[in-house]
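Since the structure comes first, as structure tokens, the remarks are kept for the end.
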Amino acid sequence: MISMEPILDFNAELVISDMLNIRPKFISIGADSKGHHLPEPTPEKIRALIVALKYCKIEVIKKDNLKRLVK
């Protein structure tokens with residue numbers, strides 16, 4: 001299991017490559033719920049990451065607080 005919470009802006013190629021090497025059973029993705037004003041990825045970037053991970057047969061668990069970033 002890998003947790004990307006809070007999710008920060010990221011290099012998509014690098015993250016996907018790393019996840020393919022690690023092959024976690026699932027990845028949990030959530031937003032900054034404490035208001036730390038961290039650098040966050042765009043909604044499009046998050047959606048693309050989720051699609052890519054699912055395509056690679058990696059289960060993605062979206063935390064409720066991710067709705068703030070991806071509507």
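Observations on the structure shown:
- Extreme residue, surrounded by the most Cβ atoms within 10 Å (Cβ to Cβ), among residues of the range 9-56 that are among the hydroxyl-bearing types (S, T, Y) and outside any loop (DSSP other than H, G, I, E, B): S28
- The range 52-71 residues that are closer than 14 Å to K25 by Cα, paired with ones that are exposed (fewer than 11 other Cβ atoms within 10 Å of the Cβ) (beta carbon under 7 Å, 6 or more apart): E59/K25
- Looking across the range 39-63, the residues that are within 16 Å of S3 (Cα to Cα) and either more than 13 Å from the chain's Cα centre (by Cα) or of a type in the set (A, V, I, L, M, F, W, C) (or both) come down to I46, L49, I50, L53, I58, V60, I61.
Computed from the coordinates by the stated procedures, all read-outs in this text should not be read as laboratory data. As the structure is a computational prediction, the values presented were derived from the model and not from experiment. Note: ideal-geometry Cβ built from the backbone for every residue, glycine included; neighbour counts use all protein chains shown.
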